[in-house]
Amino acid sequence: MPGWLSSAGSGPLTSMLSNATSTAWINVCMDHQHERKQRSSDAAAPAKHKGTDENQTDQRIRGRPGQGAALLYGGTGLCEEDRLQPGAKETKMTDREQYAPGPASGVRVQKDRGQNGEEKWTLILVRELRHSPEKVWQALTDPAHLREWAPFDADGSLGTVGTTVKLTTVGAPVPHVTETTVTRADAPKALEYKWGGFDMRWELEALGGGTRLTLWTNIGHGFIAMGAAGWHICFDVLDHLLSGTPIGRIVGPEAMKFGGWQRLHAEYAKQFGVEAPNWPPKAAQES
């Protein structure tokens, strides 16, 4: 994903790879390790926990008066009451445990030269979603939706040209916050801004009753397969969210320990003709 390597030269991804070089990260995700263990414990616990074991998403919703569930689930067919039912929570956990990404597809690399002759690689990801452009647009711009699938949090809406928004990379070993100004917001068709040192250009094209979503983002060639694997999973999570079966954000360190990410990383590296870095180290995968 575009912010996967955060360092002076490669942006949000590097910080994930090494504390020494981290400035932003590999833009992948939030460390759900504790949350996953907690959910497993909750599922096995008796009903006495019903009123107190709401997951982090529910706590975040309740902590934002005036925004609430309508903002986050308005396009998914879920209301807060449904979301807080024990059965709904168990369904989310089950869906997450059963989730497995499909094979590497819908991604290509565009190779160019910068103003000073430096090599510039652009990752182009295309995904056909079963949801309207308006619904997808909301997921790309609304902070509550972004919190459920994207590798960063936003402190404001990305849906208005000229708006300045702070983006916080999720899962970075040290806090990484960058400011961006939205340079294009043609709802529900096109959106442009920067995430750290990465250009982020989204295009939404109506396709039947759904949307063809395309993302262009620059990323260092050494980590482009990692970015592709990360965004692949993020798009899957986005699709689940919009379909009303949210499985929770899978980014950052957790994504890199995820077996599906390892496979995708290798598949995209082969497709792009690059060497797949041995990351994360075996010890980290087993931790």
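The values are calculated or read from the model by the stated rules, or taken from the named source; none is laboratory data. Please read these numbers as outputs of a predicted model, since none were measured by experiment. Please note: Cβ atoms are built from the backbone with ideal geometry, for glycine as well, and neighbour counts cover all protein chains shown.
Restricting to the stretch 241-273, what's the tally of residues that are touching a Cys at 6+ places or on another chain (Cβ under 9 Å) and either surrounded by fewer than 21 Cβ atoms within 10 Å (Cβ to Cβ) or among the charged types (D, E, K, R) (or both)? Talk me through it step by step, then tell me what you get.
Quick first cut of the stretch 241-273, residues touching a Cys at 6+ places or on another chain (Cβ under 9 Å) only: 249-256.
From the residues that got through so far, the ones that are either surrounded by fewer than 21 Cβ atoms within 10 Å (Cβ to Cβ) or among the charged types (D, E, K, R) (or both) too are 249, 254.
The number of residues fulfilling the criteria is 2.
Just need a number here: residues in the stretch 147-166 that are closer than 21 Å to residue 238 by Cβ, in contact with a Lys or Arg (Cβ under 9 Å, 6 or more places away or on another chain) and among the aliphatic types (A, V, I, L, M).
Of the residues in that region, 2 qualify.
Every residue in the stretch 161-217 that is in a strand (DSSP E or B), of a type outside the set (Asp, Glu) and more than 25 Å from residue 242 (Cα to Cα), please.
Going through the stretch 161-217, the residues in a strand (DSSP E or B) turn out to be 164-169, 177-181, 184-186, 190-195, 198-207, 210-217.
Add one more test, that the residue is of a type outside the set (Asp, Glu), and what stays is 164-169, 177-178, 180-181, 184-185, 190-191, 193-195, 198, 200-202, 204, 206-207, 210-217.
Once the filter is applied, which keeps residues that are in a strand (DSSP E or B), of a type outside the set (Asp, Glu) and more than 25 Å from residue 242 (Cα to Cα), the stretch 161-217 yields 164, 177, 178, 180, 181, 198.
Give the residue, chosen from 208, 220, 196, that is farther than 21 Å from residue 104 by Cβ, crowded, with 20+ Cβ neighbours inside 10 Å and modelled with pLDDT under 95.
Values: 208 fails: crowded, with 20+ Cβ neighbours inside 10 Å; 220 fails: farther than 21 Å from residue 104 by Cβ.
From the options 208, 220, 196, the qualifying one is 196.
When you check residue 238 against the structure, is it in contact with a Leu (Cβ under 9 Å, 6 or more places away or on another chain), in contact (Cβ under 8 Å) with a residue 12 or more places away in the chain and either outside any helix (DSSP H, G or I) or surrounded by fewer than 17 Cβ atoms within 10 Å (Cβ to Cβ) (or both), yes or no?
Numbers: in contact with a Leu (Cβ under 9 Å, 6 or more places away or on another chain): yes; in contact (Cβ under 8 Å) with a residue 12 or more places away in the chain: yes; either outside any helix (DSSP H, G or I) or surrounded by fewer than 17 Cβ atoms within 10 Å (Cβ to Cβ) (or both): no.
Taking the combined requirement at face value, the residue does not satisfy it.
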